[in-house]
2 protein chains.
Amino acid sequence: MKVTCHYADRAQRGPEVAVQLSREDGDGTRDWWSARVHMPTRRLRYQFEVVAADGTHTWFSERGFERAASRHHIGYFHYPYNQPADRFVLPSWLPGTTFYEIFPERFNNGDPTNDPPGTEPWGGRPKPRSFFGGDLAGIRQKLGHLTALGVGGLWLTPVFSAPTNHKYDPSDYYTVDPAFGTNEDLKALVAECHAGGIRVVLDGVFNHSGSEWFAFRDVREKGEASPYKTWFFDIKSFPVDLRRVNYETFADRLPNHPKLNTADPGCAAYFLGVGEHWIREADTDGWRLDVANEVDHRFWRAFRERVKAAKPDAYIVGEIWHDGAQWLEGDEFDSVMHYPWRDAALRFLSGDLAPSAFASATVGLRHAYQLAANPGLMHILGSHDTARVRTEIGGSAARAAQAAALLLTAGGVPLVYQGDEIGMEGGEEPDSRRCMIWDEARWDRRILHTYRALVRARRERPWLAWGSFEDAVVDDDRGLYAYRRAESGPLAVLYGEGLGQLWVAVNVGERRSEVAIPLGNRAPRAVVDLLSGEGVGVEHGAARLTLAPGDAVVLV
Amino acid sequence: MKVTCHYADRAQRGPEVAVQLSREDGDGTRDWWSARVHMPTRRLRYQFEVVAADGTHTWFSERGFERAASRHHIGYFHYPYNQPADRFVLPSWLPGTTFYEIFPERFNNGDPTNDPPGTEPWGGRPKPRSFFGGDLAGIRQKLGHLTALGVGGLWLTPVFSAPTNHKYDPSDYYTVDPAFGTNEDLKALVAECHAGGIRVVLDGVFNHSGSEWFAFRDVREKGEASPYKTWFFDIKSFPVDLRRVNYETFADRLPNHPKLNTADPGCAAYFLGVGEHWIREADTDGWRLDVANEVDHRFWRAFRERVKAAKPDAYIVGEIWHDGAQWLEGDEFDSVMHYPWRDAALRFLSGDLAPSAFASATVGLRHAYQLAANPGLMHILGSHDTARVRTEIGGSAARAAQAAALLLTAGGVPLVYQGDEIGMEGGEEPDSRRCMIWDEARWDRRILHTYRALVRARRERPWLAWGSFEDAVVDDDRGLYAYRRAESGPLAVLYGEGLGQLWVAVNVGERRSEVAIPLGNRAPRAVVDLLSGEGVGVEHGAARLTLAPGDAVVLV
């Protein structure tokens, strides 16, 4: 099949330029074809000519598939105007950055004097209401661990006053929880992080408040007379009643998570203020937005304007577990948490998806959003909201390291959940929120080495965020999968083409296998595995090596 | 094939509800299946079970097509939250309303004292720079014609000060052009229209200004020192030069259409002010937005907020000649001019599309936007920017009346371009802008009767804007096409189900044909053709009649 794009300036009747497309990707159901066009002006009309193997011509345009080409500008596809204001633009510091998620109550107890009543000894088995005393001072004491790991960004789950250990039920959006420290501690933490080259993103809980928040307390006390009654979503009757839950809440009628009505101008103004405040006050670097998909789009657009006005390169990441295209049009978020990638990766590592099925799934995901959004997508293997990756895929340290290799050689911005890098295990919440282990004797050295080596490799190769992705070996029978990443591809237009390339190979099968990884037409004469430091033989343009089950190599 | 939707509240682990889909529409390439679901709460996750004729099961979800169902909430499609703030809501007065486009310079000269120098006698052959003296007073004098026609909305092409006859090169956005009258005349016209039940929409030229507009004159005079230099798009060097055209313009370097930079805060503020001003000042009912697809989306979102704050049921229609989905997400426009529908209709009426191809094309168009947008789409057969419909399809009065029958029984909001209703002809601009004919002896009575009868029928049947659409006869050999419109279908959820129904049949072929139109399972015993007033025989649930080439009937 031959596909040609015919295009011209929309406003001109002159001749059209023809450029041939090439098939870029395919997932078995769909193929993606692409070509680069040079826009003579800022307006484009275009249509496609498709010539099948048997010579039959079809034209594809907004009219659908037709025998004849569109001759006037009606019928064509249009890219009406290249408007800078509408472009999807990411913070320039993202490529090369790996993020790290901290759940403060379980990271490190740096200041026992602020422990809440009933604090249990560090390392106990977490129950839904346990407190272990983690705090901001604890994070500051362990910045060395983060620097050694090499991460460039922290996402802190909520740090503001709230009754629970997770603090997703805020009672005060302007004050750090006393059990975590003070506002000054937060500022000092951010400053110290910045000094170490680490950016800090806070968790914005704007879908719901806690039931102890001043505005909800006012509604509880004054009922219909409260000026804040319109700040909450769908209160069914007054007085509001925490037992009957006669108001809308987050999730399944959680009384201490009353849903906010961000369409109310007063409510919106309050939270836009919060969004701006912490960036200006503590110099934070953006927001991870909790339950972002249940809040109205108008609020998020205004939120972006306010946050970007305060810090143009702030990073805004929405918690979206499903397709996030609606939020990634350039006017709302920079990124979403890439749960669909996690879903595919875990199914692959657990044997539910064969290598070819994983390759197809990830090809689809790389085409799910506009290309310019891909380098910002927050790739994850898990979070405080899921079972831990190691546990999910069966508990093996080798498989957990393999998972890290996939995460840290994927596109976008990888996120490491605290403890994954030392091989911690944990099932569904609250087990996924065990206290961070600081006894280094209990760390898994192989896993930690994998994280450290690849986080560093990624800093040195920012193009991993945006570069091309090609399958090299897809062997379902033996469970072998290898791919090439390279400093090229469509986004090189934005980021600049380069010579960087690397190859990743994993054995998710059950037996030891020899594999030959074709290195392509820029094959180096010798390659080294970044994880073992060992050279790998290259013969006839292919790297030849043996992979045990659970093995991963990253060749440069 | 059997398709079942399995759905549940996203936040609950409980049982799923299953509802079977039915095939609603198809265009040969794609099929549309639908079902109505009852949301127990405001959050939905869903997946589809597809059972093929041979019994094989497939599941369709965000993961794609898989053998097994998704079991956790990852993998499902999600409708994350039913947010009132994000709903697409149209002005409630649109159903039943037919719009009429007035190009004031060519509608009627009501006040010869304000004629510009060089005004030619009414009815001469228009050249690009001709003036014939049409004005607002002329419109007021002819409101009787519009009332008799039955239209409920006027779109006036630009009325503000500008050198040209079309006034798409504004020199003052706050003053009615002196050759058209005064600001007071505009207010009086709007008030008189309102008294007669007609709404008035003005033409907003916010993509570019004229070269005589104060801000561009300031840039011409002061060059880089002008505070307005950032209000224009991409000035390549100073001084700006109308001969070299060293600045971005509308279309192909039109020097008197310098492109505005609506991403500039000062420029945006100015035009948001204009958008609000005329609604408050003259009580106008909305805006038709010129070259809407080349202006940035952020400006349009802010524009909508300002306009709707001034008049919540104002109607905002973008001039978009191609797919307008980007602008119809609920946060920008209410509507776009439906040029793709015109394209299909003219090709059908000219014999370029067979009845089946027209049916397919219009099925696709009815699914191009979210369903809630359909009742507002401004369906057109032409405008001041195109050749006239009668001329486009060959000049026959019968065919022009047939075109009117299609337009006025389509969904959405029909727009009649001044003069089409009396059978005027005209080729491409400037010929499409001939003076309106007021000598009734020269009016085509058949065409006028068709417009009057169907505009009235539409007022009486507001459900034509949103109701269902089903093919009744599709006969490519004989060029026969008939369809049923009914007060039902998916949008009945919003507008209310009813018993209304009508049938339309056209003969676009070359010979006289007998046709039996199946009237469906609510077939009336007798039907009348709204156009001829004659009864049509019904036998075995089908209306039987003979259609000559060019004939159209509308049966009730």
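The values are calculated or read from the model by the stated rules, or taken from the named source; none is laboratory data. The shown structure was predicted, so the numbers you read here are calculated from the model rather than taken from an experiment. With ideal geometry, Cβ positions are generated from the backbone for all residues, glycine too; neighbour counts draw on all protein chains shown. Protein only, heavy atoms only, side chains kept; ligands, DNA and RNA dropped before computing areas. Shrake-Rupley method; radii C 1.70, N 1.55, O 1.52, S 1.80 Å.
List of remarks:
- Each Lys and Arg Cβ is given +1 and each Asp and Glu Cβ -1; about its Cα centre, the protein assembly as shown then shows a dipole of about 560 debye.
- For the chain pair A and B, the buried solvent-accessible surface (1.4 Å probe, both sides summed) amounts to about 4000 Å².
- Relative contact order for chain A, counting Cα pairs under 8 Å that sit 6 or more residues apart, in percent: 11
- Taking max minus min of the alpha-carbon positions on each principal axis, chain B gives extents of 77, 60, 42 Å, largest first.
- Degrees, to the nearest 10: B:355-366 long Cα axis against longest axis of chain B: 80
- Relative to the longest principal axis of the Cα atoms of chain B, the long axis of helix B:265-282 makes an angle of roughly 90 degrees.
- Ranked by how many other beta carbons lie within 10 Å on average, peptides B:89-100, B:197-208, A:114-125 from highest: B:197-208, B:89-100, A:114-125
- In the range B:68-89, burial by the other protein chains removes 20 Å² or more of 1.4 Å probe accessible surface, compared with the chain on its own, from B:His73, B:Ile74, B:His78, B:Pro80, B:Tyr81, B:Gln83, B:Ala85, B:Asp86.
- In loop segments of the range B:393-434 as defined by DSSP, the GluC sites (Glu not before Pro) with at most 15 further C-beta atoms inside 10 Å of their C-beta are B:Glu428.
- The range B:7-46 - Debye-derived log10 I(q)/I(0), Cα point model, q = 0.15, 0.18, 0.23, 0.34 Å⁻¹: -0.46, -0.59, -0.75, -1.15
- For B:Asp476, label point 7 Å along C-beta direction: distances to other copies, nm: 3.8
- Considering helices alone, the calculated mean residue ellipticity of chain A at 222 nm is -7000 deg cm²/dmol, with DSSP H runs of length four and up weighted by -39500 (n - 2.57) and normalised per residue.
- Qualifying chymotrypsin sites (Phe, Trp or Tyr not before Pro) in the range A:365-445, where qualification requires a DSSP coil assignment and no more than 11 other C-beta atoms within 10 Å, are lacking entirely.
- Shielding by partners, peptide B:292-299 (average Cβ within 10 angstrom, other chains): 5
- Residue list for the range A:284-300, given a label point 7 angstrom along the Cα-to-Cβ vector of A:Leu143 and an amide N cut-off under 20 Å: A:284-287
- Cα convex hull volume per residue for the range B:57-171 (Å³): 255
- In the range B:419-509, the inverse of the mean reciprocal separation of distinct Cα atoms equals 15.8 Å; this is its Kirkwood hydrodynamic radius.
- Axis-nearest residue in chain A [Cβ, rotation onto B], distance in whole Å: A:Arg301, 3
- P(r), alpha carbons of the range A:191-254 - 5 Å bins starting at zero, rounded %: 3, 16, 25, 18, 9, 5, 6, 7, 7, 4, 1
- Centre separation in Å (Cα based) which lies between the range B:355-369 and the range B:2-68: 24
- Computed over every Cα-Cα pair of the range A:260-322 and binned at 10 Å starting from 0, the pair-distance distribution P(r) comes out as 23, 56, 21, 0 percent.
- For the range B:478-527, the per residue solvent-accessible surface stands at 48 Å², with DNA, RNA and ligands left out and a 1.4 Å probe.
- Value of relative contact order over the range A:157-201, rounded to a whole percent, pairs C-alpha under 8 Å and six or more apart: 24
- Mean separation of Cα contacts under 8 Å (6+ apart) over length of the range B:38-160, as relative contact order %: 22
- Distance distribution P(r), the range B:275-404, all Cα-Cα pairs, bin width 10 angstrom from 0: 12, 37, 31, 16, 4 percent.
- Carbon and sulfur %, accessible surface of the range A:139-196 computed with the full protein complex present, 1.4 Å: 55
- Ligands, DNA and RNA aside, A:Ser211 has an accessible area near 10 Å² when probed at 1.4 Å.
- Across the range A:51-58, coupling constants 3J(HN,Hα) worked out from phi with the 6.51/-1.76/1.60 Karplus curve, θ = phi - 60°, read 10, 7, 4, 7, x, 6, 9, 9 Hz, and Gly and Pro carry x.
- Heavy atoms of B:Met39: accessible area, 1.4 Å probe, square angstrom to 10: 60
- Size of the range A:218-341 as Cα extents on the principal axes (Å, biggest first): 44, 34, 22
- The same position B:Asp218 in the other copies lies at 4.1 nm from this copy, comparing label points 7 Å beyond Cα toward the beta-carbon, shortest first.
- Cα-derived Rg over Rh, computed across the range B:1-70 with Rh taken as Kirkwood radius: 0.99
- Surface exposure of the range B:1-158, expressed per residue as accessible area with a 1.4 Å probe, stands at 48 Å².
- In nanometres and ascending order, the distances from the B:Gly496 label point to those of the other copies are 6.5 (point 7 Å from Cα along Cα→Cβ).
- An ellipsoid equivalent to the protein assembly as shown, defined through the eigenvalues of its Cα gyration tensor, has semi-axes of 56, 34, 31 Å when rounded to whole angstrom and sorted largest first.
- Nitroxide proxy distance, nm - points 7 Å out along Cα→Cβ at A:Lys127 and B:Glu212: 8.3
- Think of the range B:286-430 as a dipole: +1 on every Lys or Arg Cβ, -1 on every Asp or Glu Cβ, centred on the Cα centre; then among B:Val295, B:Ser383, B:Gly330, B:Gly330 lies furthest on the positive end.
- The distance from the alpha carbon centre of the range B:245-299 to that of the range A:384-450 is 54 Å, rounded to a whole number.
- Cα coordinate range in the range B:116-164, projected on the principal axes (Å, largest first): 34, 23, 17
- Taking every DSSP bridge with both residues inside chain A, close to 70 percent are antiparallel.
- Label-point gap, in nm, between A:Glu305 and A:Val493 - each point 7 angstrom along Cα→Cβ: 2.9
- Label-to-label distance, B:Arg522 versus A:Asn183, with points set 7 angstrom from Cα along the beta-carbon direction: 6.3 nm.
- Positive-end residue, the protein assembly as shown charge dipole about Cα centroid, Cβ charges, pick of B:Leu156, A:Pro112, B:Leu502: B:Leu502
- Inter-chain neighbour count for A:321-333: the average number of beta-carbon atoms from partner chains within 10 Å of each residue's beta-carbon is 3.
- Share of carbon and sulfur in the accessible heavy-atom surface of the range A:251-327 [1.4 Å probe, %]: 51
- Share antiparallel - DSSP beta bridges, the protein assembly as shown, percent rounded to 5: 70
- Rolling a 1.4 Å probe over the protein heavy atoms leaves A:Glu305 with an accessible area of roughly 90 Å².
- Accessible solvent surface per residue of the range A:168-267, calculated while the other protein chains remain in place, 1.4 angstrom probe, Å²: 40
- Under 9 Å, Cβ to Cβ, from B:Gly467 - net charge with Lys/Arg +1 and Asp/Glu -1: +1
- Shielded residues, the range B:340-387 - accessible-area loss of 50 Å² or more between chain alone and all protein chains, probe 1.4 Å: B:Asp343, B:Arg347
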